Amino acid sequence: MKPRVFVTRLIPDEGLDPVRQACEVDLWTDDLPPPRDELLRRVKGVEGILSLLTDTIDDELLDAAGPQLKVVSNFAVGFDNIDVPACTRRGIPAGNTPGVLTETTADLAFALLMSAARRIPESVEYVRQDRWKTWGPMLLMGVDIHDATLGIVGFGRIGREMARRGRGFGMEILYQDVHPASAEDEAELGARRVEMDELLRESDFITLHVNLTDETHHLIDTDALHAMKPTAVLVNTSRGPVVDPDALEQALRAGEIFAAGLDVTEPEPLPADHPLVRLSNCVVVPHIASASKVTRGKMAAMAAANLLAGLRGEHLATPVNPEVYE
Ligand code: DGY
């Protein structure tokens, strides 16, 4: 008999097809995530869950699923939606999709950086509103990207890809990470590790690439924003709660920083009437950093492979709790 699994949203065929071949699949087909009570009901008795970052996987859900649950496979590199110790306590491996979305995410982060710096959405709106009447010497002036200083907070895979992109624009690269990169990596990427206060003070662009943890929650708060240059641009493609949204709104309104580009927000989604959406110097997109067809296909294939490995009792290729195998 095929194992029963719950897949919490429609994912690309690269992942869905192999799961369908090997499993009896209960697929949530709505565009919106399953409501909590529905999620708790649908996981009952399944052996595997293929989850999204919009599904909270915690004690309650794992209990609702039952002791036969063998694996949780997240369709995302981030896994702050999963209570990892709760999985580990039950001997359940949880997987994520690192690596395959690195460049695509950095591409979008850099696109946000450029959009916010050169006021591209605002300029498009200007033309759409038929306000473009002449070439203007003072019209829609932004800040330069080339030769500027790029401060990267979180120097993992995606942060390093940002360094590569920044180097292409002749930028000076500063980074902060609890784990220093090797001297070889620093030399290859032309990056210099500095303390956070120096990074905030010296950078023209600050881009966030940290996991969301208790330590990084509201890492960018009023004090951090005050420390930035008035010409600084903040980019967040990590997780929304890394930035205090009220503090950011205040800083953008008061001109304490120049602009922000956000792929992730707190709360998420942001309603259209939220002040950050309304501000002309804040570019908000709906958590699309990994959203290229090729990359989402790879993420789906990887999430499926983790799910199927867990069902077979094999080690997941990319477990977030490798300690579960000890
Ligand atoms: C992730 O994978 O964690 C991104 O936020 C979505 O691709």
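Structure data summary
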quantity: Test: residue in segment 140-158 that is open to solvent by 70 Å² or more (accessible area, probe 1.4 Å), out of contact with any helix residue (DSSP H, G or I) (no Cβ under 9 Å at 6 or more places or on another chain) and of a type outside the set (Asp, Glu); calculated: yes
quantity: Scan of segment 195-227 for residues that are without any contact (Cβ under 8 Å) to a residue 24 or more places away in the chain and over 21 Å from the mean Cα position of the chain (by Cα), ordered by number; calculated: Glu195, Asp223
quantity: Residue satisfying condition, being assigned to a helix (DSSP H, G or I) and in contact (Cβ under 8 Å) with a residue 60 or more places away in the chain, within set Ala116, Ala163; calculated: Ala116
quantity: Within segment 278-304, tally of residues that are touching a Lys or Arg at 6+ places or on another chain (Cβ under 9 Å) and open to solvent by 40 Å² or more (accessible area, probe 1.4 Å); calculated: 1
quantity: Those residues of segment 272-295 which are more than 16 Å from the ligand (Cβ to nearest atom), without any contact (Cβ under 8 Å) to a residue 40 or more places away in the chain and assigned to a loop (DSSP other than H, G, I, E, B), in sequence order; calculated: Ala272, Asp273, His274, Leu279
quantity: Leu316 vs. criteria in the same structural domain as Asn81 (by TED's automatic domain parsing), assigned to a loop (DSSP other than H, G, I, E, B) and open to solvent by less than 40 Å² (accessible area, probe 1.4 Å); calculated: yes
quantity: Looking only at segment 126-160, and only at residues there that are part of a helix (DSSP H, G or I) and in contact (Cβ under 8 Å) with a residue 24 or more places away in the chain, the one that is farthest from the chain's Cα centre (by Cα); calculated: Arg160
quantity: Search result, residues across segment 80-96 that are in contact with a strand residue (DSSP E or B) (Cβ under 7 Å, 6 or more places away or on another chain) and either part of a loop (DSSP other than H, G, I, E, B) or modelled with pLDDT under 95 (or both); calculated: Asn81, Asp83, Ile92, Pro93, Asn96
quantity: Search result, residues across segment 243-271 that are under 19 Å from Asp214 (Cβ atoms) and away from the ligand (no atom under 16 Å from the Cβ); calculated: Asp244, Pro245, Ala247
quantity: Strands (runs of 3 or more DSSP E) wholly inside segment 172-249 that include at least 1 residues being open to solvent by 10 Å² or more (accessible area, probe 1.4 Å) and within 27 Å of Leu53 (Cα to Cα); calculated: 172-176
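Residue-wise test of (1) in a loop (DSSP other than H, G, I, E, B); (2) open to solvent by 30 Å² or more (accessible area, probe 1.4 Å); (3) in the same structural domain as Met302 (by TED's automatic domain parsing); (4) away from the ligand (no atom under 16 Å from the Cβ).
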| residue | (1), (2), (3), (4) |
| --- | --- |
| Arg9 | yes, yes, yes, no |
| Arg20 | no, yes, yes, yes |
| Asp31 | yes, yes, yes, yes |
| Pro34 | yes, no, yes, yes |
| Glu38 | no, yes, yes, yes |
| Leu61 | no, no, yes, yes |
| Gln68 | yes, yes, yes, yes |
| Ser73 | no, no, yes, no |
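One line per residue, one yes/no per condition, for (1) within 16 Å of the ligand (Cβ to nearest atom); (2) open to solvent by 60 Å² or more (accessible area, probe 1.4 Å):
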residue: Lys44; (1), (2): no, yes
residue: Gly48; (1), (2): no, no
residue: Phe79; (1), (2): yes, yes
residue: Thr88; (1), (2): no, no
residue: Pro93; (1), (2): no, no
residue: Gly99; (1), (2): yes, no
residue: Glu103; (1), (2): yes, yes
residue: Ala117; (1), (2): no, no
residue: Asp130; (1), (2): no, yes
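The values are calculated or read from the model by the stated rules, or taken from the named source; none is laboratory data. Given the structure is predicted, the values throughout are model-derived calculations rather than measurements. Note that we place each Cβ from the backbone using ideal geometry, even for glycine, and neighbour counts take in every protein chain shown. Ligands, DNA and RNA are stripped out before the accessible areas are found, and what is left, the full protein with its side chains, is counted by its heavy atoms. Shrake-Rupley method; radii C 1.70, N 1.55, O 1.52, S 1.80 Å.
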